[in-house]
Each structure stands twice: as C-alpha cells, then as structure tokens.
Amino acid sequence: MTGALHVTAAGIALRRGRRTILDGVDVDVPAGRIAALTGPSGSGKTSLLTVLAALQAPDGGEVKYDGRVVTPRSRDDWAGRVQIAHQSFGLLSLLTAAENIELAAQGLPGARRPGRAALRAAAADALSRVGLAARADHLVDELSGGEQQRIALARAISTGPGLILADEPTAQLDAENRGRITDLLFERARSGATVIVATHDREITERCDLVLTLRDGVLQ
Ligand SMILES: Nc1ncnc2c1ncn2[C@@H]1O[C@H](COP(=O)(O)OP(=O)(O)OP(=O)(O)O)[C@@H](O)[C@H]1O
Ligand SMILES: [Mg+2]
C-alpha cells in the first residue's frame, strides 16, 4: 500500500452544542494534488482537517480515501499513510525532536514498523528536510516555536504518507523557512503524496492545484 490517496468528502457537517462548525462541505482532492484550505480565523479549517484525517467523526457526511469510507475506528487501517501536522504542533515536550518523529511510525502494524535504526534514519532525514538536522537530540522544550512547527511537519512526512494534512505549517516562520517548508510540501506532492494545507500564506495558495475557501463553515 503506497502512493498518493484520492481524498473525497461529501456533505460534511460538524456541530458542537448548538453551533454549526461545518455545514455541507464537499471536498475532492485527486491523488497527488496539493490543495490550499483558506478562510478567516474561526471559519472551520482546523475542524475540517481533523475530519479529513478521520481524527473526529463528522455529524453528517463521510470521508473516503481512494473510494473507501474512513472513520476514526477504521483509521488504523491507514496508519502511517495519513499524517497531520497540527496547528498547535502536538509534540511531546519531554522527548527529543527525533523521538517525537519516531513516534509517527508507532501506529504501524508490527510487521510494517521499521526497526530502531531505520526509525532513527527516517527521523534524521525528515529533520534535515526541514533544516533541523542539528536539533535531533534537543528536547522539544528547548526549541523555539518555529523550530517546533518544523518538527511537527518533519514528523508528518517521516513515514512517507500518501496524504499529508498540514495546518498553517508556515505561520511561525521567517521568510527563508517559509520558502523551505513550502518547497517541501510541493516536493512531497510531486513524489507521491496528496497534500491539503490550511494556510493564509499567499506564496502557498498561488501555487496550489486548487484552493478551497471556507467561510463560517461553508465552502465558497
Ligand atoms: N471542540 C469545540 N467546541 C466548540 N467549538 C469549537 C470546537 N472546536 C472548534 N470550535 C469552533 O469552531 C469554529 C472553527 O474553529 P477552527 O479551529 O476549525 O477554525 P480555523 O479556521 O482553523 O481558525 P484559525 O484560522 O484561527 O486556526 C470556531 O468558531 C471555534 O470556536
Ligand atoms: Mg485553525
């Protein structure tokens, strides 16, 4: 099981209490394409990414990878092939950068889980791609916000996933690193991943194959 995933979602609705957070959202991102997800703060970008990652079940509608319905219960079937870089990073602060990245492979079934040396090598490769090779053995607590943001993306690419969901991955970065991370996302799309990136960054949206814009939970 390798290669970019075709991601579709139909009629996604998400409600919290009496609030409607997503309302009838349809998404179709062909395999190997890169889509930007834009919209004002609070419009539902993070919520939609977590639904597309099958981290939470929508109240209506369904998400499919390559035509197969995926739910939080069945997402283990896709372990390692679907990765998300969270807006708030989601790193474990008392582990090192490399250890956090190695955790990305933990959901893989035993037979597909790489050995210790291979995990270490994959983490080192992912760190070098985000310009942080020298930080492998630093505790996350010792790293800056922008460094943590790049480690979250390094973790998301480290298993060679077929779907990468990145939530504002350049929000805390300087121009040089924004360019580096943007190039990395497009390079991943060229080499076998579908990428959906929530962003306000025009340098990203202008280059994407498609742009999805949310407003108050509704796709425009
Ligand atoms: N668990 C929750 N319970 C209640 N409301 C929520 C919950 N999660 C998100 N919301 C609300 O849903 C709306 C969409 O939030 P979301 O985080 O998806 O927006 P966003 O587009 O990612 O915003 P930002 O650009 O600020 O990251 C917001 O109004 C938020 O307050
Ligand atoms: Mg968000």
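Between the beta carbons of GLU206 and SER144, assuming R0 = 25 Å, the FRET efficiency works out to 0.35 to the nearest 0.05. Rounded to two decimals, the Cα-based Rg/Rh of the chain, with Kirkwood Rh, is 0.95. Counting only DSSP beta bridges with both residues in the chain, the antiparallel share comes to about 55 percent. For ALA79, the shell of other residues with beta-carbons less than 12 Å away shows a net charge of +2, using +1 for Lys and Arg and -1 for Asp and Glu.
Provide the FRET efficiency to the nearest 0.05 for the ARG16-ARG73 pair, computing r from the beta carbons and using R0 = 22 Å. That pair, ARG16 with ARG73, gives E of 0.60.
The charge dipole of segment 1-132, taken about the Cα centre with unit charges on the Cβ atoms of Lys, Arg (+1) and Asp, Glu (-1), comes to about 180 debye, rounded to the nearest 20. Per residue, the convex hull around the alpha carbon atoms of segment 107-220 comes to 136 Å³.
Computed as a quarter of the hull surface, the mean projected area of the alpha carbon convex hull for segment 1-101 stands at 7.9 nm². Put simply, when 33-39, 204-210 are sorted by average Cβ atoms within 10 angstrom per residue, most first, you get 33-39, 204-210. Dipole orientation for segment 72-138: of the candidates SER74, THR96, ALA85, SER74 has the Cα lying most toward the positive pole (charges on Cβ; Lys, Arg +1; Asp, Glu -1). Taking all Cα pairs closer than 8 Å and separated by 6 or more residues, the relative contact order of segment 7-219 comes to 31 percent. Under a model in which nothing but the beta-carbon of Lys, Arg (+1) and Asp, Glu (-1) is charged, segment 45-107 shows a dipole of about 160 debye around its Cα centre. One chain, two ends: ALA175 and ARG190. Fully extended at 0.36 nm per residue, the span grows by 3.1 nm beyond their Cα-Cα distance. Only the Cβ atoms of Lys and Arg (+1) and of Asp and Glu (-1) were treated as charged; on that basis the dipole of the chain about its Cα centre amounts to roughly 480 debye.
Inverting the pair-averaged 1/r between distinct Cα atoms of segment 154-217 gives 12.3 Å as its Kirkwood hydrodynamic radius.
Read-outs throughout are calculated quantities, based only on the coordinates presented, and are distinct from any laboratory measurement. Just so you know, these numbers come straight off a predicted model, no measurement behind them. Counting neighbours? That spans all protein chains shown, and the Cβs are built from the backbone with ideal geometry, glycine included.
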